[in-house]
1. Residue A:145 - would you say it is within 14 Å of chain B (Cβ to nearest Cβ) and either crowded, with 20+ Cβ neighbours inside 10 Å or modelled with pLDDT of 95 or more (or both)?
2. Restricting attention to segment A:124-139, does a residue exist that is in contact (Cβ under 8 Å) with a residue 24 or more places away in the chain, surrounded by 22 or more Cβ atoms within 10 Å (Cβ to Cβ) and within 14 Å of chain B (Cβ to nearest Cβ)?
3. Quick check on my filter: what residues within segment A:373-414 are more than 25 Å from residue A:355 (Cα to Cα) and outside any strand (DSSP E or B)?
4. What about residue A:135, is it in contact with a strand residue (DSSP E or B) (Cβ under 6 Å, 6 or more places away or on another chain) and assigned to a loop (DSSP other than H, G, I, E, B)?
5. Within segment A:57-68, can you find the residues that are in a helix (DSSP H, G or I) and more than 7 Å from chain B (Cβ to nearest Cβ)?
6. Do any helices (runs of 4 or more DSSP H) lying entirely in segment B:198-315 carry at least 1 residues that are in contact with a strand residue (DSSP E or B) (Cβ under 6 Å, 6 or more places away or on another chain) and either modelled with pLDDT under 85 or over 20 Å from residue B:346 (Cα atoms) (or both), and which ones are they?
7. State yes or no: is residue A:117 touching a residue at least 24 places away in the same chain (Cβ under 8 Å) and within 14 Å of chain B (Cβ to nearest Cβ)?
8. Considering only residues that are in contact with a helix residue (DSSP H, G or I) (Cβ under 7 Å, 6 or more places away or on another chain) and in a loop (DSSP other than H, G, I, E, B), look in segment A:105-114 and name the one that is nearest to the other protein chains (Cβ to nearest Cβ).
């Protein structure tokens, strides 16, 4: 009788946990994800290397009152990931439930551990949610509009889901490779100020690689700084520095979902795997609050439409018809303090002195900003030739949608 | 650090004496009683001396060895105590008390996994053994506390989880447990000391002393195990042969259920005939291996039956009953049919199926 009671109470406790996770998942999952939830996602095979599959089994077993099974699975989990604190907490609950009834997740940790237990509970929820609501194989993050040929991979982070997704550049089409649990800033995302303990939202890239030997144990198996603040951030007065992708201390498998000073933290084994795909100065790291997923068709049409605009801009520049050229620019245009009028007037003057202009755009990349500010960063190698001047440069433009049309809001050397 | 809780001390005076009288000549009983008293009064060196002296004459005596283990534990000689209790578990695997006390010492040494295993053995032999359950609960609490420490990076060594484990002071403390395992299953074996603990149940203590005094050697089967088997008694006495067969079959069934319940795979498999027809037509060795795997899973198993119907046809019988099965992960009740046959004078299972 008392045994039965115990089983019942732990069920109640863990159902609470799972119910919270499910509700959150149901509320936030994009529509098309739900629609596709029944289909076996091809992607699933990749992430089965992490602890989530076993963790999900543990909670399934608890939910169906197979506590002995749950304990066996948790033992396996601990064996595979000895420093996985969440697994130890679940083990504590399962053991304690055998000696007394439990009313809440991790309550045996004692009153002093409340915050840590809450952290681990959050970790359980986001891990299970990430595992159960995987992106379908034929959907891609909206931000990866166009990768350059030499950008072999792209990283997209979803801070709400505490998840990092790795995509491979398959002849221009992003293909899902793997996803990993991550930790973001203690106070969440949308970094704006130095020391605000937030993770920036935006389009960045890996700028260097700091080997483990040069770092303290706190950063784990290595670190990859990203270029926060980027041009856009600076223009909007955001500051701070030292935002890295890095690992965990040697005695810690993973940190809670919100714990860093703004860095994106991965388990060491995940960082090690990921690091093989990171190209310094090349690999985009796009950090989003909540990833927007597009079907490949929608993604393709958005991409084609913007590419067409870039091509028209190129042709209009070659035509030396300044009015045609000017229609691609926003009235909010600003480049190094030069506004729309100044920019256009200068082009008009320059063009008047030329008998011909040839513009080449090679190696175009296009990444959409994931934040509230909707813009696309377009980068390419510009090969400019004219009757009196030629030069090659790497150019960066910021395109926005204005009145339904794509316009350039900023332009300059990359 | 771990305080040993004295439990069953009241039994030391009453039940101990009765049972000891039953198991040995009065002189020995007195000696053991004296040793118990010395332990109670904390005169451990004297008690050790006495018990060694006692064991010199009766080196195999379970009661004496058990007391020696207690003394060594109290004298803080855990390794020697472990040796004594371990040997007892080997010689008397059906006694839960040595397992329990081994667990207590392991727990003192913070070897909680070993403690847990020992307690699980104690419970396996006696599923309703309250002290072992209680102690196991404490062990789980400590393992939980360790897990929480790892999870939360806190030191909870002074938290409330530090319950005390109960060391069993005598082999009699389980006297009150249901006589499940001491039923017909054991009557084939020589009488062992614990079984005598059942004596007070069937007769007043004073009455027990009498037959024992008449036959001081504890070799004769104790009266406890002799009572008519329940399955046999209410039967409306059919032909004698059939009655014998029924009794034999019931006995075989009891042995099978008991072996299963105490997870004794060897004894369990021995209930099946060599020509047992495996349910899915797999090879016998494959089936054996599968059963072994199932039964050896962690956690206690309890199997019982009711509504037994036997129909004998020569040296074959169809045995129907309702089977109750309970393990850590599964609880079922189902109708079962066994086709049994006599092989080398023993009733064995030829076929086993669920249904009616």
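1. No: the conditions fail for residue A:145.
2. Yes, because at least one residue in segment A:124-139 is in contact (Cβ under 8 Å) with a residue 24 or more places away in the chain, surrounded by 22 or more Cβ atoms within 10 Å (Cβ to Cβ) and within 14 Å of chain B (Cβ to nearest Cβ).
3. Within segment A:373-414, A:373, A:374, A:375, A:403, A:404, A:414 meet the criteria.
4. yes
5. The answer is A:57, A:58, A:59, A:60, A:61, A:62, A:63, A:67.
6. By residue number, B:240-261.
7. On the way: touching a residue at least 24 places away in the same chain (Cβ under 8 Å): yes; within 14 Å of chain B (Cβ to nearest Cβ): yes.
Spelling it out, residue A:117 is indeed touching a residue at least 24 places away in the same chain (Cβ under 8 Å) and within 14 Å of chain B (Cβ to nearest Cβ).
8. Step by step, filter segment A:105-114, then rank; the result is A:106.
The values are calculated or read from the model by the stated rules, or taken from the named source; none is laboratory data. Everything numeric here is computed off the predicted structure, so don't read it as measured data. Here the Cβ is made from the backbone with ideal geometry for all residues, glycine too, and neighbour counts use every protein chain on show.
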